[in-house]
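Peer 1: Got a structure for you, questions after.
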Amino acid sequence: MTSPTPLTIEAGLLAEQDLLAHVCTGESEFGLLFWQPTDRALVMPRRLNRLPGFEHACEVSAAAGWPVLLRETGGEPVPQSASTINIALVYAPPRSEGDLNRIETGYRRLCDPICQLLDELGGTSSLGEIEGAFCDGRFNVNLDGRKMVGTAQRWRQSKGGLRPVGLVHGAMLIDDERESMVAAVNRFNEACDLEQRVRAESHIALHEKFAAPEALERLDALYRQLLVEMLGA
């Protein structure tokens, strides 16, 4: 049975960067990692540390039990805890694909297997923005009209600059910690003078609807099938 690797959030973010580096240098053909935090934090893009209220907001957040960590991908503040499973998919697209739709294709490769899993379980999956969701985006994976997975990506050039390599990341809510997560985001945003406020009812955790004990095993198989078809791996 596939189990996520238990890691501190800091170690998980580093493990994702290591995967990206290994594919960039050609040591690995691709990378696939499922990891689950052993602690909790509010993770946000590095660009936010330039905001005037950032340091104060970090202190407020940490005092409430949600220390702030910075990540290399974009987006907005995202709460991470043991209620989250992270999916990191790393690959260099086939040269035949060209560069035109690389970002959209990356999101599809991450999201389509999750949507397939939800549909197989009997849910209604969709992609798209959900009003009131934290780190909202066009490639949220939604279950029955509520956000379940947030997504982001980062691209680098491989060694020698011959081809792009992408890290496409999903943060999947598996257990219901929605109230405290939303409170953490709103607390930070308020302290940092950011306008956005989010709502618990805009989100849903996988286990609120399905026990799905073999969900990760199924996802692992779907991603590996996708990688084999794409890379001939």
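Peer 1: Restricting to helices (runs of 4 or more DSSP H) lying wholly in the stretch 177-233: which have 3 or more residues that are modelled with pLDDT of 95 or more, under 27 Å from Gly166 (Cβ atoms) and of a type in the set (A, V, I, L, M)? Don't jump to the end; show me each part of the working.
Peer 2: On the way: elements: 178-191, 206-209, 215-231.
In the stretch 177-233, the matching helices (runs of 4 or more DSSP H) lie at 215-231.
Peer 1: Now a separate question. Just need a number here: residues in the stretch 56-71 that are among the hydrophobic types (A, V, I, L, M, F, W, C) and under 17 Å from Gly12 (Cα atoms).
Peer 2: Keep residues of the stretch 56-71 that are among the hydrophobic types (A, V, I, L, M, F, W, C), which gives 57-58, 60, 62-64, 66, 68-70.
Adding the requirement that they be under 17 Å from Gly12 (Cα atoms) leaves 66, 68-70.
Of the residues in the stretch 56-71, 4 are among the hydrophobic types (A, V, I, L, M, F, W, C) and under 17 Å from Gly12 (Cα atoms).
Peer 1: Going by the structure shown, is Leu51 exposed (fewer than 14 other Cβ atoms within 10 Å of the Cβ) and not polar (S, T, N, Q)? Reasoning before the result, please.
Peer 2: Numbers: exposed (fewer than 14 other Cβ atoms within 10 Å of the Cβ): yes; not polar (S, T, N, Q): yes.
For Leu51, the condition - exposed (fewer than 14 other Cβ atoms within 10 Å of the Cβ) and not polar (S, T, N, Q) - is met.
Peer 1: Working only within the stretch 136-171, note down all residues that are touching a helix residue (DSSP H, G or I) at 6+ places or on another chain (Cβ under 7 Å), outside any loop (DSSP other than H, G, I, E, B) and within 30 Å of Glu27 (Cα to Cα).
Peer 2: Scanning the stretch 136-171 gives Val149, Thr151, Gln153, Arg156, Lys159, Pro164, Val165, Gly166, Leu167, Val168, His169, Gly170.
Peer 1: Condition first: more than 15 Å from the chain's Cα centre (by Cα), at pLDDT 95 or above and assigned to a loop (DSSP other than H, G, I, E, B). Now tell me which residues in the stretch 75-127 satisfy that.
Peer 2: Residues satisfying the conditions are Gly122, Gly123, Thr124.
Peer 1: Which pairs do you get when a residue that is under 15 Å from Leu42 (Cα atoms) and polar (S, T, N, Q), found in the stretch 179-203, comes within reach of a residue that is at pLDDT below 95 and surrounded by fewer than 21 Cβ atoms within 10 Å (Cβ to Cβ), reach meaning Cβ atoms under 6 angstrom, with the pair 6+ apart or on two chains?
Peer 2: Here the result reads Asn189/Gln196, each pair linking the stretch 179-203 to a residue that is at pLDDT below 95 and surrounded by fewer than 21 Cβ atoms within 10 Å (Cβ to Cβ).
Peer 1: If you check every pair at least six apart or on different chains, which have Cβ atoms under 6 Å apart with a residue in the stretch 115-127 that is free of Cβ contacts under 8 Å to residues at least 12 places away in the same chain first and a residue that is surrounded by 14 or more Cβ atoms within 10 Å (Cβ to Cβ) second?
Peer 2: Asp119/Ser125
Peer 1: For Glu27, only one of the following conditions fails: (1) assigned to a helix (DSSP H, G or I); (2) closer than 27 Å to Leu162 by Cβ; (3) charged (D, E, K, R). What is its number?
Peer 2: Only one criterion is unmet by Glu27, namely (1).
Peer 1: From (1) surrounded by fewer than 19 Cβ atoms within 10 Å (Cβ to Cβ); (2) more than 12 Å from Ala92 (Cα to Cα); (3) in contact (Cβ under 8 Å) with a residue 40 or more places away in the chain, pick out the condition that doesn't hold for Thr25.
Peer 2: (2)
Peer 1: Sticking with this structure for a sec: Under the condition of being surrounded by 14 or more Cβ atoms within 10 Å (Cβ to Cβ) and β-branched (Val, Ile, Thr), which residue from the stretch 109-164 is nearest to Glu208 (Cα to Cα)?
Peer 2: Val149
The values are calculated or read from the model by the stated rules, or taken from the named source; none is laboratory data. It should be emphasised that the depicted structure is a prediction, and the values quoted were computed from it without experimental measurement. Don't worry about glycine lacking a Cβ; one is built from the backbone with ideal geometry, like all the others, and counts go over all protein chains shown.
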